[in-house]
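Scroll down for the structure; my scribbles are underneath it.
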Amino acid sequence: MRPWHADLLSDGERARRDGLWDAGQRAQFTVAAALLRLVVAPLTAQAADRVVVDRSCPSCGRHHGRPRLPGTGLDASISHSGATVAVAVSNAGAVGVDVQQVADDAVHELSTLVLAGSEAGHVVVAGDFFTYWTRKEALVKATGDGVAVPLSEVVVTPPGTPPALLGYPGQDGLAAQLRDLSPDPGYVGALAVLSPRPVVVHERSAERLLTAG
């Protein structure tokens, strides 16, 4: 994190960041919020500090909602885990991105929450479980359902096969494009775009943007 990253945050985002008790979480939030603006700026022909990000919650108005980019025609999603931050921006449909640090102990603790019964047999190593998790998490972020939809009821193709949505509760025929991402070693990621047509995905390292702006 660079000191100037914090200068890009809105007042509402600074308040939300300052309410996080852990220094690592505050750094993650700051980098992700800054990176979103750095990505959107050249796409909208404006300076990063001019990019408006609306995080107001539709229910309570507080600044903890899904990031929106009013007036741009773009949809955005953010994820962070461990030392990795992911930002996705789409002009093809609602987007969701998820990145997770692979941890063996999480497989046992979270399997019943993440996996459908038919999926457990495809988990051989921890990375398989996290492939399932990130694919599903990306989907519920794209739909905006979040924790309202149990991940165990979202059915996707197994690890080692092309990522695709097989079933989503309450939305038969939901059209979604899924892609596995390639984050740093020790991490797994996935991207979902709600579109009936194939989408072109460009995956880039953010190191240059976060260093030079």
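Based on the Cβ-Cβ distance from Ser118 to Ser195, what FRET efficiency comes out when R0 is 30 Å, to the nearest 0.05?
The value I calculate is 0.70.
Could you give P(r) for the stretch 1-72, binned at 10 Å from zero, as whole percent values over all Cα-Cα pairs?
The distribution over the stretch 1-72 is 20, 53, 25, 2, given as percents.
Please check: in the Gaussian network model of the chain (C-alpha springs, under 10 Å), which one of Ala76, Ala92, Ala148 has the largest mean-square fluctuation.
Result for the chain, Cα springs under 10 Å: Ala148 fluctuates most.
Which of the helices in the chain, when you take each full DSSP H run, stretch at least 24 Å along the axis at their Cα atoms and have an average Kyte-Doolittle score of -0.5 or higher?
Within the chain the helices that satisfy the rule are 23-43, 126-143.
Report relative contact order for the chain in percent, whole number only (criteria: Cα-Cα under 8 Å, sequence separation at least 6).
Values: 378 pairs, mean separation 37.0, N = 213.
Dividing the mean separation by the residue count of the chain yields 17 percent.
Evaluate the distance, in nm, between pseudo-label points positioned 7 Å from the Cα of Asp11 and of Thr72 along their respective Cα→Cβ axes.
Once both label points are built, they end up 2.2 nm from each other.
Under a point spin-label approximation (7 Å from Cα along Cα-to-Cβ), what is the Glu153-Ala83 distance to one decimal in nm?
Here the modelled spin labels are 3.9 nm apart.
Along each of its three principal axes, how wide is the spread of alpha-carbon positions in the chain, in whole angstrom units, largest first?
Taking the Cα atoms of the chain, the three principal extents are 48, 36, 35 Å.
Spin-label point model (7 Å from Cα, Cβ direction): what's the Leu174 to Leu43 distance in nm?
2.1 nm
Gaussian network model of the chain, Cα springs within a sub-10 Å range: biggest mean-square fluctuation belongs to which of Pro196, Pro158, Pro183?
In this elastic network of the chain, the residue with the biggest mean-square fluctuation among Pro196, Pro158, Pro183 is Pro196.
Roughly how many Å is it from the Cα centre of the stretch 92-168 to that of the stretch 183-209, as a whole number?
Between the Cα centre of the stretch 92-168 and that of the stretch 183-209, the gap is 16 Å.
What number, rounded to the nearest 500 deg cm²/dmol, is the helix-based mean residue ellipticity at 222 nm of the chain, given -39500 (n - 2.57) per DSSP H run of at least four residues and division by all its residues?
-9500 deg cm²/dmol
Mind checking the log10 I(q)/I(0) for the stretch 6-118 at q = 0.15, 0.17, 0.19, 0.20 Å⁻¹? Debye, one equal scatterer per Cα, no solvent, two decimals.
Scattering profile of the stretch 6-118, log10 relative to I(0): -0.74, -0.90, -1.06, -1.14.
What are the chymotrypsin sites (Phe, Trp or Tyr not before Pro) within the stretch 1-42 that DSSP puts in a loop, where the Cβ has at most 14 other Cβ atoms within 10 Å?
Trp21
Please name whichever of Gly96, Leu210, Gly189 sits farthest to the positive end of the charge dipole of the chain, dipole taken about the Cα centre and charges placed at Cβ: Lys and Arg +1, Asp and Glu -1.
Highest projection toward the positive end goes to Leu210.
Between Asp22 and Trp4, what length comes free when the chain is fully extended (0.36 nm per residue of separation minus the Cα-Cα distance, one decimal in nm)?
4.5 nm
Suppose the chain between Thr161 and Val125 were pulled fully straight at 0.36 nm per residue; how much longer would it get relative to their current alpha carbon spacing? Mind showing how you got there, number by number?
Working: separation 36, 0.36 × 36 = 12.96 nm, distance 1.51 nm.
Result for the pair: 11.5 nm of gain on full extension.
Read-outs: derived from the displayed coordinates by stated rules, not from any lab. Keep in mind the model is a prediction, meaning the values are calculated, not measured. Methodologically, a virtual Cβ is constructed for each residue, glycine included, from the backbone with ideal geometry; neighbour enumeration extends over all protein chains shown.
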